[in-house]
Amino acid sequence: MNRSATYRELARGAARALAALLLAASPAWAHHGSSISYDTTNLWSTWATVTQFNYLNPHPTMTFDRTVGDGEVEHWVAELLTNPSTLARQGWTRSRTLAALAPGNRVKLLLATSRAGGFSGIVMRLEDEQGQVIGAGRPGPGGVDLDGVPGGLQPARDKPLPGQDAH
């Protein structure tokens, strides 16, 4: 093999390595900001019953039920503001978190509702029935207590979503 062929092979190998590195890093570039999808300026709190919890990266997800004033049950979906690495650094290992958030457990949530509305939000703070904060969360209780209020805090329909023009 001559010298120029060796350099070409090295250059191809370097290009392949760079392409693989860029592809591996692309999910980090796609990460969203919470304030884009959720109304984090109008937080509210409620008691809920966990129906499912998923210890996932980049954000754990959960479904929960909340009972409103007339006894009707609302079924919500949410992601947690925190991530598994932060949970683990604070001692909330996967097994400890799954035990604390097992289906049927009651928790107090501090939520930001989806800007698109509906029963979807992001959990900013999570406490068990004894008041222990589960994982990282926004400090202090904060938010408006809307326990039992139907729909929680839905966005005003006259406000444009981020990126939309005001009419």
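The values are calculated or read from the model by the stated rules, or taken from the named source; none is laboratory data. All values reported here derive from a predicted model rather than from experimental measurement. Glycine also receives a Cβ, built like all others from the backbone with ideal geometry; neighbour counts cover every protein chain displayed.
A few comments on the model shown:
- Residues in region 93-115 that are hydrophobic (A, V, I, L, M, F, W, C), buried (at least 22 other Cβ atoms within 10 Å of the Cβ) and more than 13 Å from GLU127 (Cβ to Cβ): ALA112 only.
- Pairs meeting the criteria (first residue in region 61-87 and at pLDDT 95 or above, second residue among the basic types (Lys, Arg), beta carbons under 9 Å, at least 6 apart or on different chains) are VAL73/ARG66; GLU74/ARG66; HIS75/ARG66; TRP76/ARG66.
- Qualifying residue in region 121-129 (condition: on the phi < 0 side of the Ramachandran plot, out of contact with any Phe, Trp or Tyr (no Cβ under 7 Å at 6 or more places or on another chain) and of a type in the set (Lys, Arg)): yes
- Residue match in region 120-132 (condition: of a type in the set (Asp, Glu), surrounded by 12 or more Cβ atoms within 10 Å (Cβ to Cβ), touching a strand residue (DSSP E or B) at 6+ places or on another chain (Cβ under 7 Å) and within 15 Å of TYR38 (Cβ to Cβ)): no
- Strands (runs of 3 or more DSSP E) wholly inside region 62-165 that include at least 2 residues being acidic (Asp, Glu): 73-80
- Per-region count, region 88-117, residues under 14 Å from PHE64 (Cβ atoms) and without any contact (Cβ under 8 Å) to a residue 40 or more places away in the chain: 1
- Residue match in region 53-60 (condition: at pLDDT 90 or above, assigned to a strand (DSSP E or B), in contact with a helix residue (DSSP H, G or I) (Cβ under 8 Å, 6 or more places away or on another chain) and of a type outside the set (Lys, Arg)): yes
- Of all residues in region 88-120 being charged (D, E, K, R) and within 22 Å of GLY143 (Cα to Cα), the one that is modelled with the highest pLDDT: ARG106
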